[in-house]
Amino acid sequence: MRIYTKTGDKGQTSLFDGQRVMKNHLRVECYGILDHLNVLIGKIRVLNKHVFEDSVLNNLQNRIFVISSELATEDDSKFPTSFKKTHVNDVDYLESLIDSFSESLPPLTNFVLPGGNDLSVACHEARVICRASERVLVELINEFDITNLDTVLKYLNRFSDLCFVMSRVSVVKQNGTELIWESK
């Protein structure tokens, strides 16, 4: 099987439901950013030295794939029934992770600069990319008056919060020092 299809040579691609759109369509832009986020979670998995359970990171990567599928399916009736759409329980799961991870952290009294160690920086990279996906998703929801992606938006908002907390946890668990922003 060849990896190239030549069907995108004129700037179009297919959504998951078969609809053809331009490659700069907001749906494609958003799930493209999520693809970048998924790569960064993969990087976090590689850099992870027993700081986070791999099953947690695996869950995050798989959920991002499902969200990308939701974004790539304009016609809900064509969304695969074998996929579990993003649900409020997924948001609750992220909140429970944030709460659990936060228990081991000192109180936050200053802005934290990205740094400390490679794992922390990768978590910050994921946070920034997740925020970029949120911005495009808001634009998509507003421009096309889409209401079925509200839970996805909540999930991504928590996801970026989780990445921030994970960046702090990685510094603390690896006996590093958080870089504190000093206004001058």
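FYI, it's all coordinate maths here, none of it is from the lab. Keep in mind it's a predicted model, so treat the numbers as computed, not measured. Methodologically, a virtual Cβ is constructed for each residue, glycine included, from the backbone with ideal geometry; neighbour enumeration extends over all protein chains shown.
Count Lys and Arg as plus one, Asp and Glu as minus one, and take only other residues whose Cβ is under 12 Å from that of PHE159; the net charge is then +1. Sorting ARG27, ARG158, ARG2 by the number of Cβ atoms found within 10 Å of their own Cβ, with the fewest placed first, yields ARG2, ARG158, ARG27. Under 5 Å from the amide H of LEU179 lie the amide H atoms of LEU113, each residue being 5 or more positions distant or on a separate chain, with H modelled from the backbone and absent for Pro and chain starts. Taken one residue at a time, the phi angles of segment 107-117 give Karplus couplings (6.51, -1.76, 1.60, θ = phi - 60°) of x, 8, 10, 9, 6, 10, 8, x, x, x, 6 Hz. Gly and Pro are set to x.
Taking other C-beta atoms within 10 angstrom as a stand-in for reagent exposure, LEU57, LEU34 fall in the order LEU57, LEU34, fewest first.
Over 26 Å between C-alpha atoms is what I'm after, so list which of LYS10/LYS154; LYS6/LYS78; LYS10/LYS85; LYS85/LYS173; LYS154/LYS184 land there. Among LYS10/LYS154; LYS6/LYS78; LYS10/LYS85; LYS85/LYS173; LYS154/LYS184, the Cα-Cα distance tops 26 Å for LYS10/LYS154; LYS10/LYS85; LYS85/LYS173; LYS154/LYS184. For segment 85-136, chymotrypsin sites (Phe, Trp or Tyr not before Pro) meeting the loop criterion (DSSP other than H, G, I, E, B) and having at most 12 other Cβ atoms within 10 Å: PHE111. Debye-formula intensities of segment 1-80, expressed as log10 I(q)/I(0) at q = 0.22, 0.26 Å⁻¹, are -1.02, -1.17 (one equal scatterer per alpha-carbon, no solvent).
Residue separation of SER14 and VAL88 scaled by 0.36 nm, minus their Cα-Cα distance, works out to 23.8 nm of gained length.
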